[in-house]
Structure formats: structure tokens, C-alpha cells
1. Can you name the condition, by its number, that Phe4 falls short on among (1) modelled with pLDDT of 90 or more; (2) open to solvent by 70 Å² or more (accessible area, probe 1.4 Å)?
2. Kindly evaluate Val79 against the criterion of being buried (at least 20 other Cβ atoms within 10 Å of the Cβ), within 26 Å of the chain's Cα centre (by Cα), over 28 Å from Leu157 (Cα atoms) and not aromatic (Phe, Trp, Tyr).
3. Of the conditions (1) more than 29 Å from Glu176 (Cβ to Cβ); (2) out of contact with any helix residue (DSSP H, G or I) (no Cβ under 8 Å at 6 or more places or on another chain), Val79 fails just one. Which one is it?
4. Does Gln48 count as surrounded by fewer than 16 Cβ atoms within 10 Å (Cβ to Cβ) and either at pLDDT 95 or above or in contact with a strand residue (DSSP E or B) (Cβ under 6 Å, 6 or more places away or on another chain) (or both)?
5. Out of all the residues in the range 129-152, which are in a helix (DSSP H, G or I) and either in contact with a strand residue (DSSP E or B) (Cβ under 6 Å, 6 or more places away or on another chain) or open to solvent by 40 Å² or more (accessible area, probe 1.4 Å) (or both)?
6. Is it the case that some residue within the range 84-101 is small (Gly, Ala, Ser), open to solvent by 10 Å² or more (accessible area, probe 1.4 Å) and modelled with pLDDT under 95?
Amino acid sequence: MKKFNLFLAIMVLLTFSIQTNAAAYSYGDPSEEKIAQVYEKMVAKLNQSPPDFQEAEALFNTVKEEVDMHMGKGASELVLNSLEDEDKEATINNMQKLLGLNIARRLNAIENNFEEYDTSKKLLAKGFATYKALSPAIEEQDAKLDSQIREEFDLALEALGNPGLFGVGEKESDKEQFLKSKSSILEALKEPLNIEEFNAGHFTESATAEENTSQSTNDKYTDFTEWKNWLPILVLIGIIIAVVLYFLKRRKRS
């Protein structure tokens, strides 16, 4: 009976440990990028019969300030003008160009902060989240190109390396490989998006701070390196050891 109680206590603690561990390593909703989400909602509204341009414009206005800041007011004006003209195709095309510019913005920011692993990983997650929204349109034009772009995102992720935890799991970064993948991604997007050159806009201190605190990534971009994320695990291990010792001590007394 005592052995069963000990086993039961350990199992409960291990279950709690797994749940806490998952929470500690989660940055919230995976692959979340507001501009990409708005694009998908706008496309859904524009694909209604008849297209709901009014609601699509209301959705765009929720990210207009961000677009103005990072990609210029001219980009916003193109989208708003096509919405005013009730030109569905032009609106979708202009929004897709914005997504391309957003990808370039994220990749440029990584280049500028390449040694900051945690920040770079989050930025790459945002860039990939943007591409996932754009991917169906690219795949429709060229499925092979879509696969190639996705592979380059994977290579870019590998190129970031991994500082590991106390040296465990450390993997050296490769900036040259990242720049190669970055160039491949942007070059591949030029033709389907009809963009000659990407201008990702400026980067302000407030924008950098936003990236440092953002919590958006998918599972393979999850960060396992910050020591503070291991604290809940270490505490739970300590509790488990204490419980085991307690039961062993009681067993000896009996």
C-alpha cells in the first residue's frame, strides 16, 4: 500500500511537471502575426458574394498604424485605394505585397540582431508565420517554389544555431548560411508578388522592444535556452526528490 502511495504521488508530480514544462516553453499562440491574420480575414471577406469591402477596410485599419510605421504610408494608401475602388483582385495583390515586405522586415531585423539568439528566433517565427498566410497563393502558382521557400526557412532556423543550456545542446550559428537563405527567400518571392525590390521600412527602438517581448512561435521555434524556463522543472525535481525521501524515511520507521 505504501509503495502504491509513493508511486501515485510521483506520478501526480510528474504529470504536473509535464504540464508546467509545456507552459514554460510556450510563447502563446503558435505562428501568430497580426498582419498575416488580418490578410486571411480580409481575403475571407472579399471572397464573399458580394465582396464585403467595408468590413475588409475595417480589418485593414486595425494594422494600418503598424504598416505606416514599418512599410510607409504609401503602402497603406495602395490598399485603401483599391478597397475604395472595390477592386478585389488589386486589394488582395496589394496585401500579398505587404506580407512580402513584412517577411523582408523580419529577416532584415534578424540580420541586424543575429547574435541575439532569442530575439532572432522569435523574429524568424514571425517571418514564417507571415509566409504561411501567403503560402497558399504561392503554392497555387508554383507548388515547387512554395516547398523551396519553406526549406529555406528551415535552413535559416538551423543557421541561427543554439547557445544551449549551460553548454548542453550548443550549436554554432552560421550567419553566412542565414544570409544565403534570406536572399533565396526574398528572391523567390519577387516574381509571384511582382516586387522588384523589397523595402522593409525602418526599425525604431520601440519596434525592437516589441520584438524582444513578443511571444509568437510555432513548435519548432520554441525556445529551450533561457535558464529561467528551467526553474519550474528544477523546483519540481526537488519536490519529487523530497517526496521520495519522505516516504523512504517513513518506511524505515515502520
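1. In the conditions (1) modelled with pLDDT of 90 or more; (2) open to solvent by 70 Å² or more (accessible area, probe 1.4 Å), Phe4 misses (1) alone.
2. Numbers: buried (at least 20 other Cβ atoms within 10 Å of the Cβ): yes; within 26 Å of the chain's Cα centre (by Cα): yes; over 28 Å from Leu157 (Cα atoms): yes; not aromatic (Phe, Trp, Tyr): yes.
So Val79 passes the test.
3. (2)
4. In short, yes.
5. Selection gives Lys132, Pro136, Glu139, Glu140, Gln141, Ala143, Lys144, Ser147, Gln148, Arg150, Glu151, Glu152.
6. Filtering the range 84-101 for residues small (Gly, Ala, Ser) gives 90, 100.
Among the residues that remain, those that are also open to solvent by 10 Å² or more (accessible area, probe 1.4 Å) are: 90.
Then drop every residue that is not modelled with pLDDT under 95, which leaves none.
Scanning the range 84-101, I find no residue that is small (Gly, Ala, Ser), open to solvent by 10 Å² or more (accessible area, probe 1.4 Å) and modelled with pLDDT under 95, so the answer is no.
Residue-wise test of (1) of a type outside the set (D, E, K, R); (2) over 14 Å from the mean Cα position of the chain (by Cα).
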site	(1), (2)
Asp85	no, yes
Asn113	yes, yes
Ala143	yes, yes
Phe153	yes, no
Pro163	yes, yes
Glu191	no, yes
Glu196	no, yes
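The values are calculated or read from the model by the stated rules, or taken from the named source; none is laboratory data. Note that the structure is predicted; figures quoted are calculated from it, not measured. In this analysis, Cβ positions are derived from the backbone assuming ideal geometry, glycine residues included, and neighbour counts consider all displayed protein chains. Accessible surface is based on the protein model in full, side chains and every heavy atom, while ligands, DNA and RNA are left aside. Shrake-Rupley method; radii C 1.70, N 1.55, O 1.52, S 1.80 Å.
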